[in-house]
Amino acid sequence: FDFCQAEGKKRPSENLGQVLFGERIEPSPYRFTFNKKETCKSVCMKTYDTTKPEDKQKLDFLKKSMLLNYQHHWIVDNMPVTWCYDVEDGQRFCNPGFPIGCYITEDGRPKDACVINSEFHEKDTFYIFNHVDIKIYYHVVENEALGARLVAAKLEPKSYKHTHPDNPDCSGVPMDISNKASGEVKIAYTYSVTFHEEKNIRWASRWDYILESMPHTHIQWFSIMNSLVIVLFLSGMVAMIMLRTLHKDIARYNQMDSTEDAQEEFGWKLVHGDIFRPPRKGMLLSVFLGSGTQILIMTFVTLFFACLGFLSPANRGALMTCAVVLWVLLGTPAGYVAARFYKSFGGEKWKTNVLLTSFLCPGIVFADFFIMNLILWGEGSSAAIPFGTLVAILALWFCISVPLTFIGAYFGFKKNAIEHPVRTNQIPRQIPEQSFYTKPLPGIIMGGILPFGCIFIQLFFILNSIWSHQMYYMFGFLFLVFIILVITCSEATILLCYFHLCAEDYHWQWRSFLTSGFTAVYFLIYAIHYFFSKLQITGTASTILYFGYTMIMVLIFFLFTG
């Protein structure tokens, strides 16, 4: 964008999480001195001659951004500068950004921010917010050395057509850019700063006013209650099956002395000679289980830290950094779990197993990520990840994660295979004709519904925080939902497994993985719905990016739930 640039100031450095999320921080030409009031101070002047093609292109780009309601995001002392305005039912909403400008349509309808001022009334005209009134609130520290701390920064965007750009007075008509305007367009950027003492806000709670005006948390309790009801229902079912059926069966076994009675078996006991038959594609299943364990532990630890408040929004990029570092360090459990299962499936090719565990799922994610990055590079976006960072991520993966996976696999293969309580028969049993709901596909599709029901309200807030730049801070809720999700996935799978074992279908390994893994498919459907109903994304590149990143999330979620 062609706004005022800060000359000769060094760019602040970003951490890994910010780089991955595409957050870039630039220095600004707006200079403040503490407690020094500025009124209508000029920053710079931009002139566009619409007869010159490059000037016209810059101006058109500016118009397009106003049409699409692009926002400035400013930071002072690590606090977002917010624009607070009244919304319905007497609420104040504090937006951590403010629009570049706004547009009045050809039939005189104000769009987006144009409603704030009745002076914006020219038809088919853009109004650019070229002046900001910044209010900085500070809190004087009493007991320590004399000093003050910034507790809030708010601004009001204004639009002025300065009559004397060299000596601006910040009054007069708004700065309008007619859509059909030709000739020379001059835009002068100015600002005013005032400082106010605020005794009531502590420095530690200075983020509260932004978070309080975010989408409300009372829906959350409702959704948690809803999820808990599902969990109680499932737990009741599982407990009943365990207690009634198994208790009855075991009691009956203990009464049997003669072998004649033992022949009249029924239900799941008929398949005891086949239940531990290795699954088809056992290699792939063990690899998925390894990667899933890695992601499960990573999510648990990240959310636990977030609950303790280490990863608050004030700590920019901390969430992503924490997740990536944990994922790299958790190679050992992945290798161990994959090796243990692979060995118990009777597999021999342990080298292939280790290599697949350390490269298959991370490789898919990285390849997807790399393609998305190529698109960003091609678009010339600032969110594209610099080559150095890509090399650093590859180094983390190859030099730390892979060796750790090998160590884990070594210990996994060294241990004896998991002992099976019953011998597997030589000849596989015939599987009888299955009823509709014990067939693999319907069972798997049913299994994903319950876990998805627990998470979908949280999912809305998470997608909002990723795509609509809202802060996400409800980690306590998320942790609770995470625990509920783990329980629901396990119990739904146990139930459905019990049903199809009773129907004498003993292929349970893949089915148990896919039953809860199917939640990820519902997640994908929800993401597609969100894309069409909530986001106004235009352009091929943006659409590919949205679905590219969504596929990464879906894959991770699939491994995690499975």
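The values are calculated or read from the model by the stated rules, or taken from the named source; none is laboratory data. Note that the structure is a prediction, hence the values are computed from the model and not measured. Virtual Cβ from ideal backbone geometry, glycine too; neighbours counted across all protein chains shown. For accessibility, only protein heavy atoms count, side chains too; no ligands or nucleic acids. Shrake-Rupley method; radii C 1.70, N 1.55, O 1.52, S 1.80 Å.
For residue 31, the accessible area of its heavy atoms, probed at 1.4 Å with every protein chain present, is near 120 square angstrom.
When the convex hull of its Cα atoms is viewed from all sides, the chain shows a mean projected area of 34.5 nm². Between the beta carbons of residue 371 and residue 538, assuming R0 = 25 Å, the FRET efficiency works out to 0.75 to the nearest 0.05. Karplus-based coupling profile of segment 481-488, in residue order and whole Hz: 5, 4, 4, 4, 4, 4, 5, 4, with θ = phi - 60° in 6.51 cos²θ - 1.76 cosθ + 1.60 and x standing for Gly or Pro. Mind checking the full-extension length gain between residue 45 and residue 255? Use 0.36 nm per residue of separation minus the Cα-Cα distance, one decimal, nm. Gain on extension, residue 45 to residue 255, equals 66.1 nm.
Just need the relative contact order of segment 31-212 here, percent rounded to a whole number, with Cα pairs under 8 Å and 6+ apart. So the answer I get is 29 percent.
Residue-wise HN-Hα couplings along segment 22-37, as the Karplus relation 6.51 cos²θ - 1.76 cosθ + 1.60 with θ = phi - 60° gives them from phi, are x, 8, 10, 10, 10, x, 10, x, 7, 10, 10, 10, 4, 6, 9, 6 Hz; Gly and Pro carry x. Using R0 = 41 Å, the C-beta based FRET efficiency linking residue 355 and residue 2 works out to 0.20. At a probe radius of 1.4 angstrom, the accessible area of the chain per residue rounds to 53 square angstrom. Basic side chains Lys and Arg get +1 at the Cβ, acidic Asp and Glu get -1 at the Cβ, and with that the dipole of the chain about its Cα centre reaches some 1180 debye. Accessible area ranking (1.4 Å probe, heavy atoms, ligands and nucleic acids excluded), largest first, for 118, 435, 382: 118, 382, 435.
Over segment 440-561, Cα pairs under 8 Å with separation of 6+ residues give a relative contact order of 35 percent. Per the Cα gyration tensor, segment 121-168 maps to an equivalent ellipsoid with semi-axes of 38, 14, 5 Å, ordered largest to smallest. Counting heavy atoms of the protein chains alone, residue 551 has an accessible area of about 90 Å² for a 1.4 Å probe. Note on residue 86 and residue 446: the extension gain reaches 125.1 nm, defined as 0.36 nm multiplied by sequence separation minus the Cα-Cα distance. For segment 299-347, the square roots of the Cα gyration tensor eigenvalues, ordered a ≥ b ≥ c, give a/c of at least 1.5 with a/b greater than b/c, which places it in the prolate category.
For segment 1-63, the number of Lys pairs with C-alpha atoms closer than 24 Å, counting only pairs eight or more positions apart or on separate chains, is 11. A simple spin-label model places pseudo-atoms 7 Å from Cα toward Cβ; at residue 115 and residue 235 they are separated by 4.5 nm.
With everything on Cα atoms, drop me the angle between helix 350-379 and the longest principal axis of the chain, reported from 0 to 90° to the nearest 10. Result, in degrees: 20.
Surface listing: 341, 411, 387 arranged by accessible area from highest to lowest gives 387, 411, 341, probe 1.4 Å.
Adding -39500 (n - 2.57) for every DSSP H run of four residues or longer, then dividing by how many residues the chain holds, sets the calculated 222 nm ellipticity at -16000 deg cm²/dmol.
Of all the accessible heavy-atom surface of segment 440-512, with the other protein chains kept in place and a 1.4 Å probe, what percent is carbon and sulfur? Result for segment 440-512: 79 percent of the exposed heavy-atom area is carbon or sulfur. Only beta bridges with both residues in segment 31-212 are counted; by DSSP, about 80 percent of them are antiparallel. Among 2-13, 501-512, the peptide with the highest mean count of other Cβ atoms within 10 Å heads the list, and the full ranking is 501-512, 2-13.
Only bridges with both residues in the chain count here: give the DSSP antiparallel percent, nearest 5. Bridges in the chain are about 80 percent antiparallel. Secondary structure note: in segment 118-229, about 65% of the DSSP beta bridges are antiparallel.
When 414, 281 are compared by accessible area of protein heavy atoms, the largest-first order is 281, 414, using a 1.4 Å probe. Shown is the FRET efficiency for residue 242 and residue 471, computed with R0 = 35 Å from the Cβ-Cβ distance and rounded to the nearest 0.05: 0.20. Note on residue 374: accessible area is roughly 80 Å² with a 1.4 Å probe, heavy atoms of protein only.
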